[in-house]
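Starting off with a structure, shown below.
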Amino acid sequence: MGKKGHLFIISAPSGTGKSTILMAILKENPRLRYSISCTTRSPRGNERDGVDYYFISDAAFRKKIDSGELAEWAEVHGHLYGTSSKFLEESFRRGHDILFDIDVEGAKKLYAKYPEAILVFISPPSMEELRRRLAERGTDSADAIEQRMKNAEAEMAEAKWYHQVIVNDDLARAVSQLKAIIEKVRLHE
């Protein structure tokens, strides 16, 4: 049997550029798998079911909780999000590394189950820049932006327990830093 895969848990406040960074990493890394979470929220923009998330009903999500199908789950911004245990175990068995895009609460739950995981927090250059990015995105109401800013402050206070923190003040540099973290872990297999 081959090597067991690695788990990279990436967290960041909404609007930090995390998705853009992760998509750049995934494009050039065939051994890396993206963990697609289930969620009860509606798709935003050009998000697609089975690609960005599995968009399911509240009842279907709660059935997954009750049957123990989820490695972790949380309520975030009024919606439920969770990760399939089966996906994780199958990916590890095949030697694939898994890249997680997950909030701080979910990261803590996953890390408790997978203490060998590598935790990386992506931070905005400033709270002012984060507010600007959220407003430019055009997907949230003013009230939703205020809630995201409040949540961002709480999330950033949790960055101290992550293994690495990347400040996304330059996209190419942030991508390069995450790539270097992944390569360093793989060197020590």
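Step by step: first the residues of region 59-92, then only those that are without any contact (Cβ under 8 Å) to a residue 24 or more places away in the chain and basic (K, R), then the one that is surrounded by the most Cβ atoms within 10 Å (Cβ to Cβ). Which residue is that?
R62
Further question: (1) outside any strand (DSSP E or B); (2) at pLDDT 90 or above; (3) closer than 21 Å to Y162 by Cα: which one isn't true of I98, the others all being true?
(1)
Further question: Consider E183 carefully, then state whether it is exposed (fewer than 13 other Cβ atoms within 10 Å of the Cβ) and farther than 22 Å from A24 by Cα.
Against the criterion (exposed (fewer than 13 other Cβ atoms within 10 Å of the Cβ) and farther than 22 Å from A24 by Cα), E183 does not qualify.
Provide a single number: the residues in region 166-183 that are under 16 Å from L99 (Cα atoms) and touching a residue at least 24 places away in the same chain (Cβ under 8 Å).
Number of matching residues: 7.
Can you tell me which residue is surrounded by the most Cβ atoms within 10 Å (Cβ to Cβ) among those in region 33-58 that are touching a Phe, Trp or Tyr at 6+ places or on another chain (Cβ under 7 Å) and closer than 16 Å to F100 by Cα?
S37
Just to check your reading of the model, which residue among A107, A144, A112 is in a helix (DSSP H, G or I), under 15 Å from the mean Cα position of the chain (by Cα) and under 22 Å from A157 (Cβ atoms)?
That would be A107, the only listed residue that is in a helix (DSSP H, G or I), under 15 Å from the mean Cα position of the chain (by Cα) and under 22 Å from A157 (Cβ atoms).
Same structure, new question: A157 - would you say it is closer than 27 Å to A180 by Cα, among the hydrophobic types (A, V, I, L, M, F, W, C) and in contact (Cβ under 8 Å) with a residue 40 or more places away in the chain?
In short, no.
Related question: From the residues in region 154-173 that are of a type in the set (D, E) and not in a helix (DSSP H, G or I), which one is surrounded by the most Cβ atoms within 10 Å (Cβ to Cβ)?
Per the criteria, the residue is E158.
Something else now. Looking at region 132-189, which of its residues are acidic (D, E), modelled with pLDDT under 90 and in contact with a helix residue (DSSP H, G or I) (Cβ under 7 Å, 6 or more places away or on another chain)?
Selection gives D140 alone.
If I ask for residues that are of a type outside the set (V, I, T), in contact with a Phe, Trp or Tyr (Cβ under 6 Å, 6 or more places away or on another chain) and closer than 11 Å to S123 by Cα, which ones from region 152-169 would you list?
The one that is of a type outside the set (V, I, T), in contact with a Phe, Trp or Tyr (Cβ under 6 Å, 6 or more places away or on another chain) and closer than 11 Å to S123 by Cα: A159.
Can you confirm whether L99 is within 15 Å of the chain's Cα centre (by Cα), hydrophobic (A, V, I, L, M, F, W, C) and surrounded by 13 or more Cβ atoms within 10 Å (Cβ to Cβ)?
yes
For region 89-98, state whether one or more residues are in contact with a strand residue (DSSP E or B) (Cβ under 7 Å, 6 or more places away or on another chain) and among the hydroxyl-bearing types (S, T, Y).
Yes, because at least one residue in region 89-98 is in contact with a strand residue (DSSP E or B) (Cβ under 7 Å, 6 or more places away or on another chain) and among the hydroxyl-bearing types (S, T, Y).
The values are calculated or read from the model by the stated rules, or taken from the named source; none is laboratory data. Quantities reported herein were computed from a predicted structural model and do not represent experimental measurements. Neighbour counts run over all protein chains shown; Cβ positions are idealised from the backbone, glycine included.
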